[in-house]
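**Student:** Sharing a structure with you now.
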Ligand code: HEC
């Protein structure tokens, strides 16, 4: 009687352990997939915008590979979301200065017409 009871309890413990393991595995899997399939703009808004007000100017003309590595390294995003974030940052980034065509403007407008300076 007692051995039977014990093995029954063992079975219950085993079932609970397996159930707990299954639940934990499911939770981990869900956590990993949380970001999957989200558009990069949304990823940025949820995960990055608290510190970076704008996605512009973050890529700084980097190569997408190094940018992806940086994002994966620093922000522990999955390889997929790091890649799409990198592509997103690049797509909204300002062009690098050497290709930027900016009209030349005076550094600051003169507050009032300058007096003609004449040396006599
Ligand atoms: C807790 C605040 C915080 C969050 C959240 C955050 N960052 Fe950052 N990030 C920083 C800081 C601080 C730096 C360093 C700034 C620097 O060096 O100019 C940085 C640097 C960067 C850089 C490099 C910029 C550079 O000047 O070289 C990139 C790219 C970047 N973050 C992208 C992201 C992305 C994408 C996310 C969302 C997944 C994110 N960050 C989330 C704080 C944050």
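**Student:** Which pairs have Cβ atoms under 8 Å, sit 6 or more apart or on different chains, and link a residue in segment 44-59 that is on the phi > 0 side of the Ramachandran plot to one that is part of a loop (DSSP other than H, G, I, E, B) and crowded, with 16+ Cβ neighbours inside 10 Å?
**Tutor:** Pairs that qualify, where the first residue is on the phi > 0 side of the Ramachandran plot and the partner is part of a loop (DSSP other than H, G, I, E, B) and crowded, with 16+ Cβ neighbours inside 10 Å, are 57/93.
**Student:** Can you pull out the residues in segment 54-83 that are more than 10 Å from the ligand (Cβ to nearest atom) and under 15 Å from residue 41 (Cα atoms)?
**Tutor:** Within segment 54-83, 54, 56, 80, 83 qualify.
**Student:** Select from segment 84-94 the residues that are over 14 Å from residue 46 (Cβ atoms) and not in a loop (DSSP other than H, G, I, E, B) and write down the one among them that is nearest to the ligand (Cβ to nearest atom). Spell out the reasoning first.
**Tutor:** So in segment 84-94, the residues over 14 Å from residue 46 (Cβ atoms) come out as 86-87, 89-94.
Add one more test, that the residue is not in a loop (DSSP other than H, G, I, E, B), and what stays is 86-87, 89-92.
Numbers: 86: 8, 87: 11, 89: 6, 90: 10, 91: 13, 92: 11 Å.
Per the criteria, the residue is 89.
Read the figures in this text as sums done on the coordinates, not as results from a lab. All of these numbers come straight from a predicted model, not from anything done at the bench. Cβ sites come from the backbone with ideal geometry, for glycine too, and all protein chains shown count toward neighbours.
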